[in-house]
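Presented below is the structure to which this report refers.
All of the numbers you see were taken from the coordinates with simple rules; none came from a lab. The structure presented is a predicted model; accordingly, all values stated were derived computationally and were not measured. Methodologically, a virtual Cβ is constructed for each residue, glycine included, from the backbone with ideal geometry; neighbour enumeration extends over all protein chains shown.
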Amino acid sequence: MTVLDAYAVIAFLRAEPAAGEVRALLGTDAQLTSVGVAEVLDHLVRVVGADEEEATLDLAQLGILDGTVVDSAIGAEAGRLRARRYHRARCAVSMADCIAAQTARSRGEPLATSDPHLLDLCHAEGIPTVVLSGRDGSRWTRPD
């Protein structure tokens, strides 16, 4: 399994450069966390203007509406992870990002994202990743 961050699913649904990469991952039992499901639905409805029922149906049809449950242990570790790594300019990661990263770490699975801050965090923490194309088609590269 691969853990997807919310951007990956949004990129797929909006036919952004990472869409093909995400489509391939969706065929291999990739999942969002339950928090990621909330984040995608919020973005689709609030930012894109999608109908709530249609947005929910889109995620159901992709097989990712039932996100991976975030238990208290993952929540606590994600909070500590964000406390260690967050910086508003150098590493602006959301709590949802940290929950996805911690879920991937706890399952021993990679996290798929194009978010450079999240990729930097994962690199620093030794969390495996699948690097996706950014909105502009660029790719994050590991810092030396």
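Worth a mention:
- In Hz, Karplus ³J(HN,Hα) per residue of segment 81-89 (6.51, -1.76, 1.60; θ = phi - 60°; x = Gly, Pro): 4, 5, 4, 6, 10, 5, 8, 4, 9
- Across the chain, the mean sequence separation of Cα contacts (distance under 8 Å, 6 or more residues apart), normalised by length, yields a relative contact order of 28 percent.
- Vicinal HN-Hα couplings computed from phi for segment 136-144 (Karplus, 6.51 cos²θ - 1.76 cosθ + 1.60; Hz; Gly/Pro x): 9, x, 6, 10, 5, 10, 4, x, 8
- Most tightly packed first, judged by the mean number of other beta-carbon atoms within 10 Å of their residues, the peptides 29-39, 124-134, 62-72 read 29-39, 124-134, 62-72.
- Panel order for Glu77, Glu54, by other beta carbons found within 10 Å of each beta carbon, from fewest to most: Glu54, Glu77.
- Built amide H within the under 5 Å cut-off of Thr33, gap 5+: Leu4, Thr68
- Low-density loop cleavage sites - trypsin sites (Lys or Arg not before Pro) in segment 11-85, where at most 15 other Cβ are within 10 Å (DSSP): Arg14
- Divided by 2.2 N^0.38 Å, where N counts the residues, the Cα radius of gyration of the chain comes to 0.98.
- Quotient of Cα Rg and 2.2 N^0.38 Å for segment 12-79, N being how many residues it contains: 1.19
- Backbone amide hydrogens, once placed in the peptide plane, bring Thr113 within less than 5 Å of Val130, Leu132, excluding anything fewer than 5 places away on its chain.
- The C-alpha atoms of the chain define a longest principal axis, and helix 52-62 lies at about 70 degrees to it.
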